[in-house]
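**Q** Okay, here's the structure, questions in a sec.
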Amino acid sequence: MSTGNEHIEELVKRRYEPGFFTDIESDTVAPGLSEDVIRFISEKKNEPGWMTQWRLKAFELWQNMPTPEWAHVHYPPIDFQAISYYSAPKSAAKYKSWDEVDPKLIETYDKLGVPLHERARLAGVAVDAVFDSVSVGTTFRKELAEAGVIFCSMSEAITEHPELVRRYLGTVVPQSDNFYAALNSAVFTDGSFVWIPQGTRCPMELSTYFRINELNTGQFERTLIVAEDDSYVSYLEGCTAPMRDENQLHAAVVELVAQDRAQIKYSTVQNWYPGDENGKGGIYNFVTKRGDCRGERSKISWTQVETGSAITWKYPSCILRGDHSSGEFYSVALTHNHQQADTGTKMIHIGRNTSSHIISKGISAGQGQNAYRGLVQVQKRADNARNYTQCDSLLIGKRCGAHTFPYIEARNPTAHIEHEASTSRISEDHLFYCLQRGIGEEDAVSMIVDGFCKEVFKELPMEFAVEAKKLLEVSLEGAVG
Amino acid sequence: MSVLKIDKLHASVEGKPILKGLSLEVKEGEVAAIMGPNGSGKSTLASVLAGRDGYDIDSGTITYFGQDLTELAAEERACAGVFLAFQYPVEIPGVNNVYFLRAALNAQRKARGEEELDSMAFLKLVRQRLKQLKITDDLLHRAVNEGFSGGEKKRNEIFQMAVLEPQLAILDETDSGLDIDALKIVSDGVNDLRDDKRAFVVVTHYQRLLEHIVPDSVHVLMDGRIVKSGERDLALKLEEDGYGWLEKELAA
């Protein structure tokens, strides 16, 4: 007799598709981190003195911080001196047009299906493509410029819009925030900068694809999105990395600022290399993402679909500072083989009549460990704060785990906080029901998983939802028969 | 022509023998009722026929339209026209009922080398079947069986059967837990699908269902074997006298 659960596990053995390596000469600094390396990075990027000082201050703070160990993840200590902190394609000089871009780079994007070039135009997506650490191209600049929207690489923003960067950088995630945020502040090489002027609805979805390519290169992007009063922007972030044996560190920082009545929607599909079936290799993804609902009636919405990385450590959060502001968090996190994810959100209610909504869907397969960690904090003057949290776990097989760590701190008696949680398992009964109707095993599993994730998928922009669904299908595809 | 022919079937679950030499033949257009006390092997028979994992065939044969049924995987049996109406249909949250049924029908059509139905053609078919079964469309837009009452679940099974149009339909205690109105809807649905081709195996504990679905043959399953076969009056006798007299007759 076949044991059902092992069989189901077979079904979810994933195949990782974007596993190739582009051979381009890179300008890479020797491994190790010191003041000199930071000065080198800053100089390489022609940064003004205040930026260099900002980085150095972060480095000083970082040196005195202990490595955080509270997350429900296990990994060997990281040797920060063994990492190279700067890697730029040699031909990193600014391109005037796409024709000048190294064809190999474009080929890489082709393999990933990044909608650049005319495809981008057709799809209506502007892409600021980050290849390792340097931004190589931005589309739709003109159309965005007409709307007054600034969408460029962080490096460019530092030199061309220093007043905006200085006003907002580090105001949501300060250099001292946490170990990895401090590290990022010291060594970040690039990222995206978005500024939406007052009363403007960004005319298109903004999108950045990140890709880690160089061996042993940590990638530290820094993203800053500012929506001024009465503006709206939807930002998509998609990630994928080629297959490597070494563990690679990824410590990004994303800061969002929403002023009065502004809305920011931030969506992520993350498909980094998760390591092989035995837990070898894979990306360490230690990210600080935080949104500040600074203005009244502002709104920030995070949607994430996380299927990759060996270790994910990520809590996109909202600080609900403005009165009547609201925060949302929709998440699907899939772990299998030896992947570990400790993810969730923080909703900090500070203003009056603030509300937050959390929908978290965790899927564990193989020996995957999936933890939801969420904080709902209602501060003293946050009258009439409301929160609804729904936290569902789906287990596939017998050796995986789902863990929930909800923290609720209410310091105002008018708070309404609801928390619902469920754990279920894809059982032989479910599979057999589908099989008996003629639906094959792979289709059955992906159908059941898709149904489980529906509430989150519907929050994603259309094309992204299709991509996310496909990604889960690929993740669940495997050794049937 | 015989649709299903089971010959001296021995089957076990986790090493425990449940079916012990069961033989049964069901012909085209026939409705065969399988009755028997609890634990006699009725549900095991249904699971074995549908090809459920964990049910091991130790000896004997199952022939379906002359083909060895045991060689087919569960989904292949479904595509070949074997349908099981479940005693306890599972809930699949978030998966729309119509979407599920279309995926099922198209998987079956594809396996048979037929063209898949597009959504327009499929919806037309669905409406036709709803009308035919005189049931409302309130279940269509919900997730598969999610939050359905017992009656609604069974009604959904019959509706799926009507859309998938099997050659052999196995009803596993479809009457259990139904009130009289639900029972009527379900049996009307089955009667409506009866024709001179389609064969039914109706597994039930009570005679009650057979008042509504009048069987062509009645077979009594006890301790893993068919111990007596007859016509409808056999079911009535069992209802009146229970299974005790049969046990005595067998012991004699």
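Throughout, read-outs are computed from the coordinates displayed, never taken from laboratory work. It should be emphasised that the depicted structure is a prediction, and the values quoted were computed from it without experimental measurement. Glycine gets a Cβ as well: all are built from the backbone with ideal geometry, and neighbour counts include every protein chain shown.
**Q** What FRET efficiency do you get for residue B:131 and residue B:243 if R0 is 60 Å and r is their Cβ-Cβ distance, rounded to the nearest 0.05? Could the numbers behind the result be given before it?
**A** Details: r = 41 Å, r/R0 = 0.68.
Here the calculated transfer efficiency is 0.90.
**Q** In addition: Return the long-range amide H neighbours of residue B:171 (sequence gap of 5 or more, or a different chain), with a cut-off of under 5 Å between placed amide H atoms.
**A** Counting only residues 5 or more places away or on other chains, the set is B:85, B:201, B:202, B:203.
**Q** Cβ under 14 Å from residue B:183's Cβ, residue B:183 left aside: what net charge do those residues give with Lys, Arg +1 and Asp, Glu -1?
**A** On the way: positive: B:153, B:154, B:155, B:184, B:208; negative: B:152, B:157, B:173, B:175, B:179, B:181, B:188, B:211.
Local charge sum for residue B:183: -3.
**Q** Tell me, what is the FRET efficiency for residue A:67 and residue A:35 to the nearest 0.05, using R0 = 30 angstrom and their Cβ-Cβ distance as r? Display every interim value, and only then the final one.
**A** On the way: r = 20 Å, r/R0 = 0.68.
It comes out at approximately 0.90.
**Q** Going 7 Å from the Cα of residue A:167 in the Cα-to-Cβ direction, what parts of region A:30-70 have a backbone nitrogen less than 17 Å from that spot?
**A** Label zone hits: none.
**Q** How many nm is it between the label spots at residue B:111 and residue B:149, if each spot is 7 Å from the Cα in line with the beta carbon?
**A** With each label point 7 Å from Cα toward Cβ, the separation is 3.4 nm.
**Q** What whole number of Å gives the distance from the Cα centroid of region B:42-81 to the Cα centroid of region A:29-47?
**A** Each part's Cα centre sits 69 Å from the other's.
**Q** Here's a follow-up. Any chance you could run the full-extension gain for residue A:53 through residue A:414? It's 0.36 nm times the residue separation minus the Cα-Cα distance, nm to one decimal.
**A** Working: separation 361, 0.36 × 361 = 129.96 nm, distance 4.45 nm.
Stretched fully, the residue A:53-residue A:414 segment lengthens by 125.5 nm.
**Q** Mind jotting down the distance between the C-alpha centroids of region A:327-375 and region B:115-148, whole Å?
**A** Cα centroid of region B:115-148 versus Cα centroid of region A:327-375: 36 Å apart.
**Q** Something else: Give me the lysines in straight-line cross-link reach of residue A:380: C-alpha distance below 19 Å, same-chain residues under 8 apart excluded.
**A** List returned: A:346.
**Q** Taking the DSSP beta bridges in chain B as the whole, what percent of them are antiparallel, to the nearest 5?
**A** If I count the DSSP bridges inside chain B, around 60 percent turn out antiparallel.
**Q** Something else now. Please compute P(r) over all alpha-carbon pairs of region A:256-324, binned at 10 Å starting from zero, and give each bin as a whole-number percent.
**A** Each 10 Å bin holds this share of Cα pairs: 21, 37, 23, 14, 5.
**Q** Find the percent of Cα-Cα distances in region B:1-99 that exceed 19 Å, and round it to a whole number.
**A** Cα-Cα pairs in region B:1-99 separated by more than 19 Å: 46 percent.
**Q** Then there's this: May I ask you to derive the relative contact order of region A:338-429, considering only C-alpha pairs under 8 Å and at least 6 residues apart, and to give it as an integer percent?
**A** Value for region A:338-429: 32 percent.
**Q** Defining a contact as two alpha carbons under 8 Å apart and six or more residues distant in sequence, what relative contact order in percent does region A:303-461 show?
**A** That works out to 20 percent.
**Q** Let me check against my output: what whole-number percent is the relative contact order of chain B, with C-alpha pairs under 8 Å and at least 6 apart?
**A** On the way: 453 pairs, mean separation 72.5, N = 252.
Relative CO of chain B lands at 29 percent.
**Q** Regarding region B:140-248, what's the average projected area of the Cα-atom convex hull, expressed in nm²? Write down the numbers at each step before the final one.
**A** On the way: hull surface 31.5 nm².
One quarter of the hull surface, i.e. the mean projection, equals 7.9 nm².
**Q** Give me the one-decimal nm value for the distance between modelled label points at residue B:231 and residue B:16, 7 Å along each residue's Cα-to-Cβ direction.
**A** Result for the modelled spin labels: 3.9 nm.
**Q** Whole angstrom only: what separates the Cα centroid of region A:420-454 from the Cα centroid of region B:164-190?
**A** The two parts, judged by their Cα centres, are 24 Å apart.
**Q** Turning to a different aspect of this structure: Any of A:299/A:470; B:8/B:184; B:27/B:228; A:45/A:280; B:110/B:184; A:44/A:314 with alpha carbons more than 27 Å apart? Name them for me. It would help to have the intermediate numbers written out before the result.
**A** Values: A:299/A:470 29 Å; B:8/B:184 35 Å; B:27/B:228 18 Å; A:45/A:280 35 Å; B:110/B:184 34 Å; A:44/A:314 30 Å.
With Cα atoms farther than 27 Å apart: A:299/A:470; B:8/B:184; A:45/A:280; B:110/B:184; A:44/A:314.
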